[in-house]
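Each remark here refers to the structure printed beneath this line.
Rule-based calculations on the coordinates, nothing more; no lab input. Remember, it's a predicted structure, so these values are computed and weren't measured experimentally. Because the Cβ atoms are built from the backbone with ideal geometry, glycine has one as well, and the counts that use them run over all protein chains shown.
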Amino acid sequence: MYQPRGKVWGGSSVLNAMIYIRGNAEDFNRWEAEGAEGWSYADCLPYFQKAQCHELGGDDYRGGDGHLHVSRGKSGIPLHEAFVKAGQEAGYPYTADCNGYQQEGVGPFEMTINKGKRWSTSQAYLRPALKRSNLSVKSRALSTRILMEGNRAVGVEYEQKGQTWTARANKEVILSGGAINSPQLLLLSGIGPEEHLRSVGIEPQVNLPGVGENLQDHLELQVQHKCKEPITLYQAQWKFPHIMVGIGLKWFLTQTGWGAGCHMDTGGFIRTFPNKKQPDIQWHFLPSALYDHGRKPAPYHAFQVHTGAQQALSRGTIRLKTANPHDHPLIDPNYFSHPQDMIDMVQCIKLTREICHQPALAKYSDGEIQPGPDCDTDEKIAHFIKTMCDTAYHPSCTCKMGTDDMSVVDNQGWVHETSNLRVVDASIMPSITNGNLNAPTTMIAEKCADRIRGLSPLPQSTAPVWKPAHPEKQRDGVAQVSTV
Ligand SMILES: Cc1cc2nc3c(=O)[nH]c(=O)nc-3n(C[C@H](O)[C@H](O)[C@H](O)COP(=O)(O)OP(=O)(O)OC[C@H]3O[C@@H](n4cnc5c(N)ncnc54)[C@H](O)[C@@H]3O)c2cc1C
């Protein structure tokens, strides 16, 4: 399976879809219950706010003066309104801000975009700091090993322009290589499960069995419909060069128009089944139908609803193929190893089909493209899922924070059984959050940054959190057109 990530300043935030989703309050309360003391929602919300500069200004949930610019979609394509209306017709609540008081429901989505430009973590944090005298950045460099003296990290070894260099640390070494590369670098440095390290010829320095374990990800599929009206992004492709040039020129001159957004202006969060504590399905609505990781558009006007279960129970691994740092690690997401995950994905497809049948969206539909009308039993849907589903690019949790035997870092990012060594990135999530991962990863970085600087954590938030009126049901309302 294609598993891209950004090998660039700002990492994957430079090539991601820019959707800004914090996660559900219960995700962070679960983190704390899983052993990450001080990481409840009340502890994390102040850091989401600290990181954020929302175009609508700050309030009890939003931040108004942080580094990470966040804005709402402005494409103006009427299908977005139809999707949100269809969600309400299906019996789900409208949520004006899925990153605020109420995640559950359908409504506008937000993006890491500032005045029409992508706002990567490099734009937000690294570039503004470049002029500091205490910052030195090495580009086109590959860290190959952490230098250890006993259990103490004293620096890193890296390669640049064919030469090997070392950088010594006065205070501490911080890994932020992401959920695939941070465990890879720990393993290359002899920090990880002893048996695995020996199997690839690495002498273990620190036996930490959890390194590279607990890999979690989101899988995703699209329910696609042909669209009766020419109101989609179909024309935004190079077979219509005059339109593409127009989009480019408009963006170049004014940073507005179709070039200024990611086009998933709306979406939603719903529950798979009754009695769920939190929503566990995410929807992204796109006024276009795309294939092959967004690289091939459908040859007609169409729209799609991305759907995926957010709380899969399968767990994968990151392992070394060899002791050579240039070799890619072995990524085994182990999808669907837990039977509940297929049951949840089948339910995702059914509930997504149902929203497409509500009057507000159905009036635009010229027939379902995929899964397709013949895909009419659970077995056929499961087959469709197995053949068509793909990663939503959210690998995480491979150096999980906690106190149990399989945890890798403590609640300040310190790697267990070592000194002077931290990990700060998506790998330290104890478990995956409900939504895209850039916002919670940035929150993790802000929260750890205070600890690195020796500051006390910000005071807990007291902002309330929405609860469903009927947690015993799958949704609070009733669908106008019921197909499930
Ligand atoms: C195609 C795609 C689309 C996505 N869409 C969204 C989205 O719309 N919204 C969202 O919230 N999330 C999205 N994500 C996920 C999100 O971008 C990531 O979860 C997030 O960037 C993770 O941050 P990180 O710091 O943990 O790792 P990364 O962003 O992967 O950063 C790791 C950095 O470490 C560097 N590095 C790694 N190993 C080494 C080494 N050995 N030596 C030197 N440098 C090294 C890398 O070059 C990179 O710069 C998407 C991801 C992808 C790939």
Would you list which lysines come within 25 Å of Lys321, measuring only between C-alpha atoms, while excluding same-chain residues fewer than 8 positions from it?
Lys7, Lys161, Lys400
Quick one: Thr418, Thr322, fewest Cβ neighbours within 10 Å first, how do they rank?
Thr322, Thr418
Provide the gained length on full extension for the span Ala129 to Asn151, in nm with one decimal, where the gain is 0.36 nm per separating residue minus the Cα-Cα distance.
4.8 nm
Can you put Tyr20, Tyr234 in order of Cβ neighbours within 10 angstrom, beginning with the fewest?
Tyr234, Tyr20
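Taking the Cβ of Pro93 as the center, what net charge do the other residues with Cβ under 10 Å away carry, scoring Lys and Arg +1 and Asp and Glu -1?
Details: positive: Arg475; negative: Glu104, Asp476.
Around Pro93, the charge tally is -1.
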222 nm mean residue ellipticity, helices alone, for the chain (DSSP H n ≥ 4; -39,500 (n - 2.57); rounded to 500)
-7000 deg cm²/dmol
PRE reach from Lys296 (point 7 Å along Cα→Cβ): which of the range 388-428 fall under 11 Å by backbone N?
none
Normalised by the empirical 2.2 N^0.38 Å for globular proteins, what value does the Cα Rg of the range 423-462 take?
1.25
Quick check on my link table: of Lys115/Lys296; Lys250/Lys467; Lys228/Lys380; Lys239/Lys363; Lys277/Lys350, which ones sit more than 32 Å apart, alpha carbon to alpha carbon?
Lys250/Lys467
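Counting other beta carbons within 10 Å of each Cβ, put Trp251, Trp31, Trp119, Trp466 in order, fewest first.
Working: Trp251 17, Trp31 28, Trp119 22, Trp466 14.
Going from sparsest to densest Cβ surroundings: Trp466, Trp251, Trp119, Trp31.
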Inter-part gap, Cα centre of the range 56-90 to Cα centre of the range 144-164, in whole angstrom, is 44
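Assuming R0 = 35 Å, can you tell me the calculated FRET efficiency for the pair Lys7 and Leu253, based on Cβ-Cβ distance, to the nearest 0.05? Kindly include the intermediate steps, with their values, before the conclusion.
Values: r = 32 Å, r/R0 = 0.90.
That pair, Lys7 with Leu253, gives E of 0.65.
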Pop a pseudo-label 7 angstrom from the Cα along the beta-carbon direction at both Leu56 and Leu330 and give the gap in nm to one decimal.
4.8
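How much FRET efficiency would the formula 1/(1 + (r/R0)^6) give for Asp65 and Asp374, where r is the Cβ-Cβ distance and R0 is 51 Å, rounded to 0.05? Show your work: numbers first, answer last.
Values: r = 54 Å, r/R0 = 1.05.
Calculated value: 0.45.
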With r as the distance between the Cβ atoms of Ile231 and Val484 and R0 = 25 Å, compute the FRET efficiency 1/(1 + (r/R0)^6) and round to 0.05.
0.35
Where the centre of each part is set by its Cα atoms, how far does the range 1-51 sit from the range 295-327, in angstrom?
17
